[in-house]
1. Give a residue-ordered list of calculated ³J(HN,Hα) values for the stretch 82-98 (Karplus: 6.51 cos²θ - 1.76 cosθ + 1.60, θ = phi - 60°; whole Hz; x for Gly, Pro).
2. May I ask you to derive the FRET efficiency for residue 60 and residue 157 from their Cβ-Cβ distance with R0 = 25 Å, giving the value to the nearest 0.05?
3. Normalise the Cα radius of gyration of the stretch 91-189 by 2.2 N^0.38 Å (N = residues in it) and let me know the number.
4. Enumerate the calculated ³J(HN,Hα) couplings along the stretch 61-66 in order (Karplus 6.51 cos²θ - 1.76 cosθ + 1.60, θ = phi - 60°), each rounded to whole Hz, writing x wherever the residue is Gly or Pro.
5. Give, in nm to one decimal, the length gained when the segment between residue 78 and residue 167 is fully stretched (0.36 nm per residue of separation minus the Cα-Cα distance).
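The numbers here are math on the coordinates, done by the rules we state, and not lab data. Please read these numbers as outputs of a predicted model, since none were measured by experiment. When we count neighbours, we look across all protein chains shown, and the Cβ atoms used for this are built from the backbone with ideal geometry, even at glycine.
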Amino acid sequence: PIAARGLAKLTLSASGGAPPRGLFGSSLLRDAGKDLVRSAELDSTYSEGVIRLADQALLDRHDDELRAAREMLRQVASQPIGRNPDVMLARVRIERATGELDSAVRVANALLRRRPDDPLVLLEAGHTLMVHGDIEGAGLWFAGLDRAPDPVAARYREDLRVILPNQVLADFDAAHGPARSAVIRAFLEGDDPTHLRSGEEHPNRIRETGAP
């Protein structure tokens with residue numbers, strides 16, 4: 001019942017069909033997080049709600065919701081659910097999104113020790129280390145891209161779409177396996193300068209940065 005109540009609050013928060021404030025003046029998402037923490041204490045196998053809340057906070061990108069998700073994930077970290085790899089991945093992303101890079105790196109490294117060949121782990125760990133200023137992150141990032149199945153490659157594409165010209169994105173979409181990495185390496189190393197000939201080839205970047 002506690003998990004169901006938390007998921008109901010999360011659904012209302014995501015739908016916009018209820019007032020944005022919940023019990024005692026706190027946000028619905030924060031209230032949902034408290035319910036899901038209590039649920040995790042009772043059922044160490046239930047991770048869906050925790051992951052859904054983190055995903056919703058990352059989608060909305062409101063500072064208070066990101067902080068609420070971070071608080072929830074830190075509270076469950078010492079419980080069995082906190083060792084769930086998907087929960088750990090969610091925490092890496094939330095810690096990074098809230099600027100807590102040292103914490104994000106610690107969790108990412110712990111996850112790497114458990115799943116060193118997982119493409120999604122390599123993506124998030126590589127991204128986190130690079131943001132933290134560690135050049136070794138690039139190697140992890142490319143290692144994940146080399147072996148990424150299509151759903152994970154789509155996550156890579158989401159990161160890349162704001163910096164790559166349309167033609168390079170098209171080349172990336174047409175490639176598979178290590179060939180995807182080759183496309184990105186060629187672009188970064190400047191092997192195909194025709195991709196950079198005009199700002200018209202960067203509409204995604206323009207929209208993302210808010211430029212006219």
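1. Taking θ as phi minus 60°, the curve returns x, 9, 5, x, 5, 5, 5, 4, 4, 5, 4, 5, 5, 4, 5, 5, 9 Hz for the stretch 82-98.
2. Efficiency at R0 = 25 Å is approximately 0.70.
3. 1.05
4. 6, 8, 4, 5, 6, 5
5. Going from the current span to full extension adds 27.4 nm.
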